[in-house]
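Enquirer: Dropping a structure here in structure tokens format, bear with me for questions.
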Amino acid sequence: MGSPIFTQMRRQVNRRVNRRVNRQVSLKSSLIVGGVLASCLTACGELRTAKVALKQNDNKLVYVRVPNTLLTKEWVQSTGFNRDHAKNNTYAVGWLPSTELNQLTFDDRSEIHRLDEAAVTDGRLNPFTLETSPTKFDSPAAAEEYHNYQAMTEELRRLADSHSDIAKLTSLGKSSQGRDLWMMTVSDQVELDEGEPELLYVANMHGDEVVGRELSIYHIRSLLDNYSVDARTKRIVNNSKIFIVPSMNPDGFEMHQRYSAVNTDLNRNFPDFTSDNRDNSTGRAIETKAIMDLHAAHHFIAAINFHGGEVCFNLPWDTKANDAPTEKFADDAVLNPMGRAWADSNPTMAANSSFDRGLTYGYEWYEVNGGMQDWAIWYRASMHATVELSYVKWPDASYLSTAWLENKEAMFAFHERALTGIHLEVVNDQGALVPNFEVSIESSSRTLSYSFGHAHRTTTDGPQKATILIGGRAVKSITVTARMFDGKYDRVSISR
């Protein structure tokens, strides 16, 4: 991530006003190396960037800047370094367990600087140059502030109550601190299982990456308020079931931190198919379990996970290489153009020269193991991508209107493209829906399983040869043309 990113970041920050929602920023004490204290007093508070030494037995996670020369795979694995998004040609930023940090050689330790995480999150500190920005600006007040947990709950309840014909608010369970993990479901027959294609948005799994939380609320409003007056919105709502989880980590938001209340990085907490074949939630965070249970109950043909700290569309895989065509996700021919369309429609994303005009494969950016994206694809047959929405993780609320304008169309277009593919109704000789079958298509190496009757699958455009398998045996093939779902199915009759 080069200087253009922070030029843009500073532009965003310079629109800020000094307003925050129910959060306290704690500026942490500096650390001592050989008795030398390095500190910098700035307009944003007392910023410590001392080279790091820590007491034994203090195993807190420390936010640090690390030179890229240290970042071999072996070093990362041995120290437990957890990468954050920020990176340039010289440094990467992330978290190190303090005991591991203290055990490093003096030479390595002397190259590592502790950072004020809150200042980086808010955009007050550039972690590479260590330049700071003031906290107050003479810019107009934002039209709307961030929703804390209470305000978010009240707004979601209001929306569900005022649009009860097409919206349903449910809780996926409680967070570690007892907050509801709210989910809004939107569909024309919201109480019924019509076999329609299902789509999922999840935001705020990292508690201090907050723009997606607000865009999720705005998107819910847009779907509900425009349903009766906009044909495009009505078409989407009538022909799909949309699940939106605005905050997977409400505790982290209230605490103004990345991790859950029990210090779990939720995007490193899912089963990793390269090292952990246990696709179960035993021993995982409460919030992780809630999302895994949701996927057990629904097959999401497409899903988006909102993050912050960069501006890009992140494609799978995160946990293994994507260099060769055979290494890429089997439906890359579908998802890659969807990501390209999202990035091209977002001016800030399209201008991100750190990637391919805002598009990247996760592993080639940096490796993530135990992430939700790869887990959902590998174990739950979804088509899942990650969208980074802002260079500053927690920008001032004055930035939210810009973020919404830059992503609103992309969100609707992603819906429409996800609904474009094959839509089969598989019946037996008597016309009854067939349970437990698989569908393969010529344009992908993935064979997907379906539990009862209806099969939706996002595909490339044009004719698609689809084969129905039962018990692993091909029983019928049909050629259909990909189309956006309109409530009608291509019927496939098979003999058993």
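Every read-out reported here was derived from the displayed coordinates using simple, explicitly stated rules and does not represent laboratory data. It should be emphasised that the depicted structure is a prediction, and the values quoted were computed from it without experimental measurement. No Cβ is skipped: glycine too gets one built from the backbone with ideal geometry, and neighbour counts run over all protein chains shown.
Enquirer: Expressed in nm to one decimal, what extension gain is obtained for the pair residue 479 and residue 274 from 0.36 nm per residue of sequence separation less their Cα-Cα distance?
Expert: 70.3 nm
Enquirer: Another one. Could you tell me how many cubic angstrom of Cα convex hull volume the range 421-493 has per residue? If you can, show how the numbers build up before the last one.
Expert: Numbers: hull volume 5.7 nm³, N = 73.
So the per-residue Cα hull volume is 78 Å³.
Enquirer: Going through the cross-link list 168/393; 241/289; 168/289; 60/87; 320/393, which pairs have a Cα-Cα distance over 24 Å in this structure?
Expert: On the way: 168/393 29 Å; 241/289 22 Å; 168/289 21 Å; 60/87 22 Å; 320/393 26 Å.
From 168/393; 241/289; 168/289; 60/87; 320/393, over 24 Å: 168/393; 320/393.
Enquirer: Now a separate question. Looking only at Cα atoms, what is the convex hull volume of the chain per residue, in Å³? Could you put the intermediate results ahead of the total?
Expert: Numbers: hull volume 71.6 nm³, N = 496.
In the chain, the Cα convex hull volume per residue is 144 Å³.
Enquirer: Determine one quarter of the surface area of the Cα convex hull of the range 149-418, which equals its mean projected area, and express it in nm² to one decimal.
Expert: Numbers: hull surface 53.2 nm².
Quarter of the Cα hull surface area: 13.3 nm².
Enquirer: Short version: ³J(HN,Hα) in whole Hz for each residue of the range 233-248, in order, from phi by Karplus 6.51 cos²θ - 1.76 cosθ + 1.60 (θ = phi - 60°), x for Gly and Pro, what are they?
Expert: Per residue, the Karplus-derived 3J(HN,Hα) values read 4, 4, 4, 5, 5, 6, 10, 7, 10, 10, 10, 10, 10, x, 9, 7 Hz.
Enquirer: If you place +1 on the Cβ of every Lys and Arg and -1 on the Cβ of every Asp and Glu, how big does the dipole about the Cα centre of the chain come out, in debye to the nearest 20?
Expert: On the way: 53 positive and 62 negative charges, 92 e Å.
Dipole of the chain, to the nearest 20 debye: 440 debye.
Enquirer: Additional query: Hey, got the Cα dimensions of the range 236-337 along the principal axes, in Å, largest first?
Expert: On the principal axes, the range 236-337 reaches 41, 40, 30 Å in Cα extent.
Enquirer: Considering only C-alpha atoms, what is the centroid distance from the range 193-241 to the range 261-296, in Å?
Expert: With the range 193-241 and the range 261-296 each reduced to a Cα centre, they are spaced 24 Å.
Enquirer: Let me test this: with uniform point scatterers at the alpha carbons of the range 201-268, what is the Debye-based log₁₀ I(q)/I(0) at q = 0.12, 0.21, 0.23 1/Å?
Expert: -0.39, -0.78, -0.86
Enquirer: What order do you get for 98, 175, 162, 133 when you list them from fewest to most C-beta neighbours inside 10 Å? Could you put the intermediate results ahead of the total?
Expert: Working: 98 22, 175 25, 162 11, 133 19.
Ascending Cβ contact count within 10 Å gives the list 162, 133, 98, 175.
Enquirer: Would you mind checking the tilt of helix 286-297 against the longest principal axis of the Cα atoms of the chain, expressed as 0 to 90 degrees and rounded to 10?
Expert: With rounding to tens, the tilt is 10 degrees.
Enquirer: When 105, 99 are ordered from fewest to most other Cβ atoms inside 10 Å of their Cβ, what list results?
Expert: Values: 105 7, 99 15.
Least crowded to most crowded, the residues run 105, 99.
Enquirer: Among 260, 325, 353, whose Cα projects farthest towards the positive end of the dipole of the range 259-361, with charges put on the beta-carbon of Lys, Arg (+1) and Asp, Glu (-1)?
Expert: Checked the options; the winner is 260.
Enquirer: Over what distance in Å are the Cα centres of the range 395-423 and the range 339-353 separated?
Expert: If we compute the Cα centre of each part, the gap is 12 Å.
Enquirer: How large is the dipole of the range 421-493 about the Cα centre if only Lys and Arg carry +1 and Asp and Glu carry -1, each at its Cβ, rounded to the nearest 20 debye? Walk me through the intermediate numbers first.
Expert: On the way: 8 positive and 7 negative charges, 18 e Å.
The dipole magnitude comes to about 80 debye.
Enquirer: Further question: What nm value, rounded to one decimal, do you get for the distance between residue 320 and residue 60 when each label is placed 7 Å out toward the C-beta?
Expert: 3.9
Enquirer: Sticking to Cα atoms, compute the Rg of the range 68-211 to one decimal and its Dmax as the biggest Cα-Cα distance, whole number, in Å.
Expert: In order Rg, Dmax, the Cα atoms of the range 68-211 give 21.9, 64 Å.
Enquirer: Using the alpha-carbon centroid of each, what span in Å lies between the range 455-496 and the range 374-388?
Expert: What the calculation gives is 22 Å, centre to centre.
Enquirer: Before rounding to the nearest 500, sum -39500 (n - 2.57) across all DSSP H runs of length at least 4 in the chain and divide by the residue total; then give [θ] at 222 nm in deg cm²/dmol.
Expert: Working: 15 runs with 140 residues, N = 496.
About -8000 deg cm²/dmol.
Enquirer: Further question on the same structure: Give me the percent of DSSP beta bridges within the chain that run antiparallel, rounded to the nearest 5. Each step should come with its number before you reach the end.
Expert: Details: 60 of 82 bridges.
Here the antiparallel bridges make up roughly 75 percent for the chain.
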